[in-house]
Amino acid sequence: MRFKQIIFDVDDTLIDFAATEDFALHALFKKHHWQLTREMQKRYHAYNQGLWRKLEQGTISYNQLSEQVFQVFLKQNFGLEVDGKAIMAEYRSYFEQAYQLLPGVEDALRFAQNDYQLTVLSNGEAFMQRHRLEQAGVEQYFSLIVTSEEAGFSKPDRRVFDYFFDQTTIGPEDTIFFGDGLQSDILGAENYGFASVWYNHRHRKNDLNLHPMFEVETYPQFVDLLKRDFQPGYRLG
C-alpha cells in the first residue's frame with residue numbers, strides 16, 4: 001500500500017459540524033430565552049469561525065477563544081454582560097450531545113480499516129471529541145485519537161503534529177491526512193511535509209493556493225481513491 005496510516009479530522013469531516021452547531025446554539029438560546037433568528041445564527045457562525053481562524057494562526061489561545069466567543073458576541077448583539085467561560089461550558093454540554101455522521105462515513109471507515117491504521121487529530125477537547133465519536137458509533141475504528149487540548153497546540157501548528165507522531169509508530173512519510181479544513185488540516189499537513197486529501201464537501205475555494213494530493217467532495221469518491229491506492233494523477237469523475 002502507498003500509505004499505512006490515515007489521519008481524520010472530526011468536525012465537518014466525520015461529524016456534521018453544521019448540524020451540531022445548529023442543535024447546540026438553539027438549545028442554548030432557548031434555555032436563556034434569547035431570540036435566535038436565521039440572521040443572528042449566520043452572524044454567530046461568521047464570528048465564531050473568525051475566532052477559530054485566529055486560533056489556527058496562533059494569535060489567540062484555546063482558553064481565550066472559549067472565553068471570548070459568547071462574552072463578546074452577546075455583548076455586541078444583545079447588550080448582555082455574561083460570564084463567557086460559563087456560557088461556553090453550557091454550550092459545549094449541548095454540543096457534545098450532537099454527533100450526526102456525514103453521509104458515507106461509516107462505510108468508508110469499515111472499508112479502510114482493512115488496509116490502514118486509522119487515527120484522529122482534532123482541534124478540540126479530549127473528552128468531548130471522544131464522547132461524540134463513541135456516541136456516533138465509530139470510535140472503535142480508530143487506534144489513536146489525539147486532540148489539541150492534549151497536545152497543547154492546534155492545527156496547523158507543526159507542534160501538534162510533533163505530538164501526534166510521538167504517539168504513533170507510523171511516520172509522516174507513510175501517512176495521509178483526510179480533512180475538510182483548508183487552513184488547519186491541509187495547511188498543517190503540507191507544512192509538515194506529508195500528503196493530504198481535501199474533503200471539500202462544502203465546495204469552498206482553495207484561496208490559500210495549497211496542494212493536497214487529491215480533492216474529493218463525497219466519501220464514495222474517497223473510497224474510490226482507497227481502492228486505487230491513491231494512484232498519482234487519478235482524477236475523480
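The values are calculated or read from the model by the stated rules, or taken from the named source; none is laboratory data. Note that this is a predicted model, so its numbers are computed, not measured. Don't worry about glycine lacking a Cβ; one is built from the backbone with ideal geometry, like all the others, and counts go over all protein chains shown. Ligands, DNA and RNA are excluded from the accessible area calculation, which covers all protein heavy atoms including side chains. Shrake-Rupley method; radii C 1.70, N 1.55, O 1.52, S 1.80 Å.
Among the candidates Gln5, Gln35, Gln41, the residue that is open to solvent by 80 Å² or more (accessible area, probe 1.4 Å), polar (S, T, N, Q), at pLDDT 95 or above and out of contact with any His (no Cβ under 8 Å at 6 or more places or on another chain) is uniquely Gln35. Close Cβ contacts (under 7 Å, 6 or more residues apart or on different chains) running from residues in segment 85-111 that are within 19 Å of Gln135 (Cβ to Cβ) to residues that are among the hydroxyl-bearing types (Ser, Thr, Tyr) and open to solvent by 40 Å² or more (accessible area, probe 1.4 Å) comprise Gly104/Thr218.
When Leu51 is tested against the conditions (1) free of Cβ contacts under 8 Å to residues at least 60 places away in the same chain; (2) open to solvent by 20 Å² or more (accessible area, probe 1.4 Å), the lone failure is (2).
One residue stands out in segment 79-120 among those that are open to solvent by 60 Å² or more (accessible area, probe 1.4 Å) and in contact with a helix residue (DSSP H, G or I) (Cβ under 6 Å, 6 or more places away or on another chain): the one that is farthest from Thr168 (Cα to Cα), namely Lys85.
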